[in-house]
Structure formats: C-alpha cells, structure tokens
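Student: Just dropping this structure here.
The values are calculated or read from the model by the stated rules, or taken from the named source; none is laboratory data. All of these numbers come straight from a predicted model, not from anything done at the bench. Positions of Cβ are generated from backbone atoms using ideal geometry, with glycine treated the same way; all protein chains shown enter the neighbour counts.
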Amino acid sequence: MAREKRKRRAEQSNEGVKPSAETQKKTDSTDHPRFTAWDYVFVNLFFWVFCWLQRTVAAYLNKDDMGLSFFFYTMALGFTVVSIVAFIHDLLSGEVAKESDL
C-alpha cells in the first residue's frame, strides 16, 4: 500500500513538469563542446602547480624530501600522458552520439 502511494506521488510530480522547447532543443542537440588543446594545457599546468605545491608543503612539514619529488612528479607526468591520450581520442572520435541513440 505504501509503495502504491509513493508511486502515485512520483507520477503526479512528474506530470506537472514539462520541459520547455528551449530545454528540449538543448538536450536534443549533438553539439557537445569539446575541450580544446589550450584547455588541456591549462588543466595540466594547474595540476603540475598543485603537485609542486603539495610536494613543497610535505617536504617542509617533514623537514626532508624522502622521495616525495618522485611521487608527486610521477603523478603529474602520468596525468599529462593521460591528457594527451584523451586529447588524441577526442580528435579522432568524431561526433558525439545523443543519449537517446545509445
């Protein structure tokens, strides 16, 4: 009985909400913005600065480097490699399919 009431409430709340034509037009569009090469460069720059800052703070608090440079710079380098692969995939993948087509 409680399940039926919840189901009816959910149906009633969904009936009152109708997407506007503008919202429907936006969701039906296949023009999804892609990241540009500069977007990848800025994200990588931000991540490299973040890793450097984390390494610097950790080294200062520990009063020793203790291999932190290797860890943080390897992580930043791995992020850069993955970004390059993602950028190449975006270039070669073509048009993005609509959610309804999936």
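Student: Could you tell me how many of the residues in segment 41-73 are among the hydroxyl-bearing types (Ser, Thr, Tyr) and modelled with pLDDT of 95 or more? It would help to see each step written out before you state the result.
Tutor: Filtering segment 41-73 down to residues among the hydroxyl-bearing types (Ser, Thr, Tyr) leaves 56, 60, 69, 73.
If we keep only those that are modelled with pLDDT of 95 or more as well, we get none.
Going through segment 41-73 one residue at a time, the tally reaches 0.
Student: Sticking with this structure for a sec: Across segment 47-76, what is the number of residues that are of a type in the set (Lys, Arg) and not in a loop (DSSP other than H, G, I, E, B)? Walk me through how you get there before you give the answer.
Tutor: Pass one, segment 47-76, residues of a type in the set (Lys, Arg): 55, 63.
Filter once more, keeping what is not in a loop (DSSP other than H, G, I, E, B): 55.
Counting residues in segment 47-76 that are of a type in the set (Lys, Arg) and not in a loop (DSSP other than H, G, I, E, B) gives 1.
Student: For residue 59, which of the numbered conditions (1) touching a residue at least 12 places away in the same chain (Cβ under 8 Å); (2) farther than 15 Å from residue 44 by Cβ fails to hold?
Tutor: Condition not satisfied by residue 59: (1).
Student: Looking at residue 38 and the list (1) among the aromatic types (Phe, Trp, Tyr); (2) surrounded by 11 or more Cβ atoms within 10 Å (Cβ to Cβ); (3) modelled with pLDDT of 90 or more, which single condition is not satisfied?
Tutor: Failing condition for residue 38: (2).
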